[in-house]
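*Asks:* This structure is in structure tokens; I'll ask about it shortly.
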Amino acid sequence: MAVVGELAAGIAHEIRNPLTSLRGFVQLFQDESKENNPLHRIMLDELERINTIASELLVLSRPQEVAFQRCNLRQVLGDVVQLMGTNSQLNGATLSLQAEEGLSLECDPNQLKQLFINVVKNAAESGASAIVVRAFPSGTQICVAVEDNGCGISADRIERLGEPFYSQKERGTGLGLTISHKIVEAHHGAIQYKSELGTGTTVFIALPKVQ
């Protein structure tokens, strides 16, 4: 796995180097063009997508330093909801938070934000009109449920969620959920999916709370 990770990082770096030059030339052609050529925008969008994939490969291949500290989960989720509110509205969905006060846990807040951003982004792109993020205590754990009323996920697809490059979205790579699963694992938590086609999906994330 260490060799595979090193190989992935090397490939990602080699891809990004010529990518920077290509993007610069396209932007130069766009600036010099007297007409607004839609091909320039399409090329820039596709180059940006390649860059995103390379960046996600780097995240997966690089051992992540987890800086644990005591955090207020409601504050972390509040930041995510505020950040993703506009993105959800652009996709035609409302985003709301229902979280109890006093939910403390030992975590890396930046990694948790990335985790919840990935999950909320998927919910917003599912055709949902409403997304609700709930947080509540459950025994020795804190449970976060992200509920949407989108298109839902079939049972055979749920079994493969988290696999690299497995995605049903036209422009998806599947790496977002792969990274999310790694973050949950690093926090000694668990992630589960409950979904029904045409009804919606709920993603349950359980994390150990501060004892």
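*Asks:* Using modelled backbone amide H atoms (1.01 Å from N, in-plane), which distant-in-sequence or interchain residues come within less than 5 Å of Leu103's amide H?
*Replies:* Excluding prolines and chain starts, which carry no amide H, the hits are Leu73, Arg74.
*Asks:* Among the lysines, which fall within straight-line cross-link reach of Lys113, defined as a Cα-Cα distance under 28 Å, with same-chain neighbours fewer than 8 residues apart omitted?
*Replies:* Within the straight-line cut-off, Lys113 pairs with Lys121, Lys169, Lys182, Lys194, Lys209.
*Asks:* Cα axis of helix 73-90 to longest principal axis of the chain: angle in degrees, 0 to 90, nearest 10?
*Replies:* For 73-90 against the chain, the angle is about 40 degrees.
*Asks:* Angle between the Cα long axis of helix 2-32 and the longest principal axis of the chain, 0 to 90 degrees, nearest 10?
*Replies:* Roughly 50 degrees, rounded to the nearest 10.
*Asks:* Within the chain, what whole-number % of the accessible surface is contributed by carbon and sulfur, with the 1.4 Å probe and all protein chains included in the calculation?
*Replies:* Carbon-and-sulfur percentage of accessible area, whole number: 53.
*Asks:* Over the chain, what is the mean sequence separation of C-alpha contacts under 8 Å (at least six apart), divided by residue count, expressed as relative contact order in percent?
*Replies:* 18
*Asks:* Further question: Measuring from label point to label point, each 7 Å out along Cα→Cβ, what is the Leu19 to Asp31 span in nm?
*Replies:* Calculated label separation equals 2.2 nm.
*Asks:* Using amide H atoms built in the peptide plane, which far-off residues or other-chain residues are under 5 Å from Lys209 H to H?
*Replies:* Result for Lys209 returns Gln141, Ile142.
*Asks:* Let me ask something additional. Can you match Rg and Dmax of the Cα atoms in Å to one of these, [x] 18.3, 60; [y] 17.5, 58; [z] 19.1, 65, based on a calculation from the structure here?
*Replies:* Entry [z].
*Asks:* Now for a different question. Averaged per residue, what accessible area in Å² does the chain show with a 1.4 Å probe, protein chains only?
*Replies:* 59
The values are calculated or read from the model by the stated rules, or taken from the named source; none is laboratory data. What you see is a predicted model; the values in this text were computed from it and never measured. With ideal geometry, Cβ positions are generated from the backbone for all residues, glycine too; neighbour counts draw on all protein chains shown. Keep in mind that these areas ignore ligands, DNA and RNA; they rest on the heavy atoms of the full protein, side chains included. Shrake-Rupley method; radii C 1.70, N 1.55, O 1.52, S 1.80 Å.
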